[in-house]
Amino acid sequence: MNFELALLELYMPLKHGILEPRHASKMYGNYMVIERIPIDTFYNQVKKVTKQLIHLKKDYNTYIDKLKYEMNITTLHPLIRNYEEIIKNPKHYKIEIIQQTTTSIGENEWDKYSTALVKTHWIRLIQRRWRWFFKTRNNEMKKTVNLKHREITGSFPNHCTTTFQLGIR
């Protein structure tokens with residue numbers, strides 16, 4: 001499995017092309033890869049990458065405003081009802097860890113789209129679990145009963161020294 005860093009955007013039929021109904025289910029909920037970011041660029045040129053993110057957000061918001069007000073389009077996406085709120089959310093534009101896939105909607109070379117499976121989500125879940133574990137363990141260690149046990153025996157009780165587990169057994 002090759003994982004990469006990339007900037008992503010949700011497939012938007014008004015921007016990327018309206019598809020036939022038989023191909024729509026393959027693309028309408030997927031993330032499109034806008035740009036892959038090499039690891040050395042990510043580490044060495046942080047300002048450049050940050051500027052790209054800001055520029056992308058600004059361009060996308062301008063594009064959506066033009067669609068809504070100048071072209072009088074009310075439904076921006078056929079499947080996602082809150083598409084505008086997703087796009088206008090500042091947290092939407094971020095660098096993700098992805099596994100790149102190619103989605104084909106036809107036989108021709110130009111019928112292939114570079115899509116992505118987002119893998120950053122799992123890291124966030126692990127971080128959230130770690131924060132919860134660390135907080136509860138520290139709260140247990142601060143209880144007077146457990147501190148008294150440590151004074152007497154020289155170590156905390158067993159329930160205060162449990163090791164971190166992801167919940168996978």
Exception for T162 within (1) without any contact (Cβ under 8 Å) to a residue 24 or more places away in the chain; (2) more than 30 Å from I97 (Cα to Cα) falls at (1)
Counting only residues in the range 19-46 that are surrounded by 12 or more Cβ atoms within 10 Å (Cβ to Cβ) and without any contact (Cβ under 8 Å) to a residue 40 or more places away in the chain, the one farthest from H121 (Cα to Cα) is identified as Q45
Of those in the range 47-98 that are within 27 Å of W122 (Cβ to Cβ) and in contact with a Pro (Cβ under 9 Å, 6 or more places away or on another chain), the residue surrounded by the most Cβ atoms within 10 Å (Cβ to Cβ) is H77
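Where a number appears in this text, it was derived from the coordinates with a stated rule and is not lab data. The model shown is predicted, which means the values in this text are computed figures rather than measured ones. When we count neighbours, we look across all protein chains shown, and the Cβ atoms used for this are built from the backbone with ideal geometry, even at glycine.
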